[in-house]
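Each remark here refers to the structure printed beneath this line.
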Amino acid sequence: MKILYLGDDNPHFTSLHRANALRRLGHEVQVVHPRAALPRISLVGGISTRLGYWPFVPWINAGVRRQIANAHFDLAWIDCGAELSPGFHRELRTRGMLTLNYNVDDPFGVRDGRKWDLYRRSVRQQDLTVVVRSENVVEAQAAGARQVLRVFRSYDPVAHAPLKLSTSDYTQWASDVVFVGSWMPERGPFMVRLLELGVPLAIWGNDWQKAPEYERLRPVLRGGAVYGTDYVKAIQCSRIALGLLSKGNRDLHTTRSAEVPFIGGAVFCAERTVEHAEMFRDGVEALFWTSAEECATRCLAALADSMGLRQMAELGRRRILQLNLANDDIARAALALLGGDGGVVERMLPAHLSS
């Protein structure tokens, strides 16, 4: 199949990981970044949140048309698609393309202002709408979606493959308990409480200097955001890796929920949710908590049992492999539904694995 992939082309972002998964499945893929024609300045993000992407539509449409010219494609795979208008979706269909939108964000939530206005108005134009939240299924149907597929977030079997580590890698990246992620207002107090309770913490991520708790956290801030092999090393060289949810996005699991266990080395230690409980057995394949106090207690107990910690990390990796949550698996499942009769498909975890 010849696929026009409309998504971010940053080599470190998961959008391009999914495009590469389609290539591994044998498809011919041309990646076009819809926002490439726009200046890469924060002003664009601010306007899109306040007004949506409506003001930029002429530039976005013209930029995509220039890149694809008169080329023929069987499918337009749209990754997120906040910037693509209903009219452009109709144009894709007149060019003979099926349209599939895959969105790991929360396009029906309220956190991002009007950013998702175009997306919500375009849902009825999509042949398949792929979402990751149970709420989004109902919301997509209400917006006119023809067919909805709900999936769990995925890891990339190439980008997140465990590495052969050197002594210098461990010197640079080793930690007992690591969090890899950006600052959010609720995360500063949580991290400070872990430190107060004696958790040997290391943090990699952006914007932590904005935290009111910055001075208390500064000793454990190791650097900014890490990508590619550095991201893999930060996880693999840790003994425990924390998984925090985005409160504004109604998350019950995140991409870390799949990536961390697949990378291996570290035990995944995350907020206790229904979806995390479906994915892993608490205390066997992962560690779950509902408060900073419980998180600290479980981390400190696990760190005191090195053999048990290694075994839990190994079992967590075995579990994620059983769940078929590689990008290739998710892409294959989505493509298999194209042209279906409509309705909702819940690609939940296999029943025999969810207990």
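Hey, could you check the stretch 296-327 for residues that are outside any helix (DSSP H, G or I) and hydrophobic (A, V, I, L, M, F, W, C) and say which is nearest to residue 280 (Cα to Cα)?
323
Matching residues to (1) among the charged types (D, E, K, R); (2) touching a Lys or Arg at 6+ places or on another chain (Cβ under 7 Å):
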residue: 79; (1), (2): yes, yes
residue: 89; (1), (2): no, no
residue: 98; (1), (2): no, no
residue: 106; (1), (2): yes, yes
residue: 117; (1), (2): yes, no
residue: 127; (1), (2): yes, yes
residue: 143; (1), (2): no, yes
residue: 149; (1), (2): no, yes
residue: 162; (1), (2): no, no
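Within the stretch 237-263, which residues are modelled with pLDDT of 95 or more, of a type in the set (D, E, K, R) and either within 16 Å of residue 298 (Cα to Cα) or open to solvent by 30 Å² or more (accessible area, probe 1.4 Å) (or both)?
239, 256
Of (1) among the aliphatic types (A, V, I, L, M); (2) more than 27 Å from residue 193 (Cβ to Cβ); (3) exposed (fewer than 13 other Cβ atoms within 10 Å of the Cβ); (4) in contact with a helix residue (DSSP H, G or I) (Cβ under 8 Å, 6 or more places away or on another chain), residue 284 satisfies all except one. Which?
(2)
Being more than 24 Å from residue 21 (Cβ to Cβ), in contact with a Leu (Cβ under 7 Å, 6 or more places away or on another chain) and at pLDDT 95 or above narrows it down to one of 302, 313, 286, so name that one.
Of the residues listed, the single one that is more than 24 Å from residue 21 (Cβ to Cβ), in contact with a Leu (Cβ under 7 Å, 6 or more places away or on another chain) and at pLDDT 95 or above is 302.
Residues being aromatic (Phe, Trp, Tyr) and out of contact with any His (no Cβ under 9 Å at 6 or more places or on another chain): count how many of those fall in the stretch 284-336.
Count: 1.
Does residue 185 fit the bill of being within 25 Å of residue 20 (Cα to Cα) and of a type outside the set (Asp, Glu)?
Against the criterion (within 25 Å of residue 20 (Cα to Cα) and of a type outside the set (Asp, Glu)), residue 185 does not qualify.
Which is charged (D, E, K, R) and modelled with pLDDT of 95 or more, of 133, 120, 111?
Result of the check over 133, 120, 111: 120.
Would you mind finding the one in 266, 225, 234 that is open to solvent by 10 Å² or more (accessible area, probe 1.4 Å) and small (Gly, Ala, Ser)?
225
The values are calculated or read from the model by the stated rules, or taken from the named source; none is laboratory data. No experiment lies behind these values; they were computed from the predicted model shown. Cβ sites come from the backbone with ideal geometry, for glycine too, and all protein chains shown count toward neighbours. Keep in mind that these areas ignore ligands, DNA and RNA; they rest on the heavy atoms of the full protein, side chains included. Shrake-Rupley method; radii C 1.70, N 1.55, O 1.52, S 1.80 Å.
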